[in-house]
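Trainee: The structure follows.
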Amino acid sequence: MALHIGVDVGGTKVLAAEVDADASVLRTARRTTPGRRVEVAVLEQALTEAVLEVADGRRIDGVGLAAAGFVDPAGERVMFAPHLPWREDPVRARLAQRWGTSVVMDNDANCAAHAEVEHGAAREFSDVLVITLGTGIGGAVVLGRRLLRGRNGMAGEFGHQQVVPGGLACECGGSGCWEQYCSGNALVRHARARLGHEPTLLEEPCGGDPGRLTGPMVSAAAAQGDPVALAAFASVGDWLGVGVANLVAALDPEAVVVGGGVSAADELLLEPARAALRRSLVGAHHRVVPRLLRARFGPEAGVIGAARLAARATLRDLT
Ligand SMILES: [Zn+2]
């Protein structure tokens, strides 16, 4: 059986996965990435280790790289990535040479959209937006089942729309960006601000140190009904609905599909988001409000889409 591996390179972690033709994940490997402050060589070493762990000595037929950044239209370079160290860097060719196999690369949200349109929650829709909530926000626009790429290949970077003039500083260099209020980072910031002020289950996993608090800790506490964690999800969900209302006003899609690590919280996130969408959307009482759905593949949508793109590219090379 051919071995196609997807690698999702996010701001805090790398996830590599072997994915079969039915979009099932057969084997995974994870590494942490210390964000944009790390050397490129350190990041690429983490990717390499994750890929080799999944391959486990087998010959690799192709790797698909889902990068949390702006990828050029040719899929050769990462032009800019607020949470990663690559800058106008020909990443694809370098990693193809290092790994001795064919490599394809696209933006992580585009990869997630590919998986969801082909195999997942977006399969029955023609016009759909895909949003990935991880360290930041990734986005993809699918119109008539085709991905909108734009002049620079950067269409769908919704996370850096300014929603609060003069608001929180963003890693992109701007301020008040949507992802500062609606992302894994926003979730943690929200919970952190309440630590030490209210009784919460979050005290224990982080040892009372707000600096050690992580998104998965907030998710775990929310699942147990912790009020501080639930309030953090309510806030992020509310901001999600407000931002989605703006996107729907512009593009009027049939559905909006939400993936990325934060989407694992499912209805804790989507319920407040749907309420905010109905509240904020122009003409909400006089139109069909689009469905707001969790990605079928949840946090794995990006890695699955990347592996499927690699499989498709291998097929193209053979014929
Ligand atoms: Zn920004």
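Trainee: List, please: which pairs have Cβ atoms under 9 Å, are six or more places apart or on different chains, and start with a residue in segment 212-223 that is β-branched (Val, Ile, Thr) and end with one that is open to solvent by 10 Å² or more (accessible area, probe 1.4 Å)?
Mentor: The qualifying pairs are Thr214/Thr12; Thr214/Gly184; Thr214/Val188; Thr214/Pro205; Val218/Gly184; Val218/Val188; Val218/His190; Val218/Ala265.
Trainee: Kindly evaluate Ala50 against the criterion of being open to solvent by less than 20 Å² (accessible area, probe 1.4 Å) and in a helix (DSSP H, G or I).
Mentor: Criteria met by Ala50.
Trainee: Which ones in segment 120-170 are under 24 Å from Ser219 (Cα atoms), polar (S, T, N, Q) and assigned to a loop (DSSP other than H, G, I, E, B)?
Mentor: The one that is under 24 Å from Ser219 (Cα atoms), polar (S, T, N, Q) and assigned to a loop (DSSP other than H, G, I, E, B): Thr135.
Trainee: Continuing with the same structure: Take the conditions more than 16 Å from the ligand (Cβ to nearest atom), crowded, with 24+ Cβ neighbours inside 10 Å and in a helix (DSSP H, G or I) and apply them to Ala109. Does it pass?
Mentor: No; evaluated as a whole, the condition is false for this residue.
Trainee: Search segment 134-192 for residues being within 10 Å of the ligand (Cβ to nearest atom) and of a type in the set (A, V, I, L, M, F, W, C), and hand back the single one that is surrounded by the most Cβ atoms within 10 Å (Cβ to Cβ).
Mentor: Ile137
Trainee: Of all residues in segment 248-269, which are surrounded by 20 or more Cβ atoms within 10 Å (Cβ to Cβ) and within 17 Å of the chain's Cα centre (by Cα)?
Mentor: Val256, Val257, Val258, Gly259, Gly260, Gly261, Val262, Ser263, Ala265, Leu269
So that you can scan it fast, the table gives a plain yes or no per residue for (1) assigned to a loop (DSSP other than H, G, I, E, B); (2) open to solvent by 50 Å² or more (accessible area, probe 1.4 Å):
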| site | (1), (2) |
| --- | --- |
| Pro272 | no, no |
| Arg278 | no, yes |
| Val282 | yes, yes |
| Val289 | yes, no |
| Leu293 | no, no |
| Gly302 | no, no |
| Ala306 | no, no |
| Ala310 | no, no |
| Ala313 | no, no |
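Trainee: If you don't mind, there's one more thing I want to ask. Could you tell me which residue of segment 25-41 is nearest to the chain's Cα centre (by Cα), considering only residues that are in a helix (DSSP H, G or I) and surrounded by 13 or more Cβ atoms within 10 Å (Cβ to Cβ)?
Mentor: In this case the residue turns out to be Gly35.
The values are calculated or read from the model by the stated rules, or taken from the named source; none is laboratory data. Since the model is a prediction, treat every value here as computed from it, not as a measurement. Note that each Cβ is placed from the backbone with ideal geometry, even for glycine, and that neighbours are counted across all protein chains shown. Just so you know, the surface numbers come from the protein's heavy atoms only, side chains and all, with ligands and any DNA or RNA stripped out. Shrake-Rupley method; radii C 1.70, N 1.55, O 1.52, S 1.80 Å.
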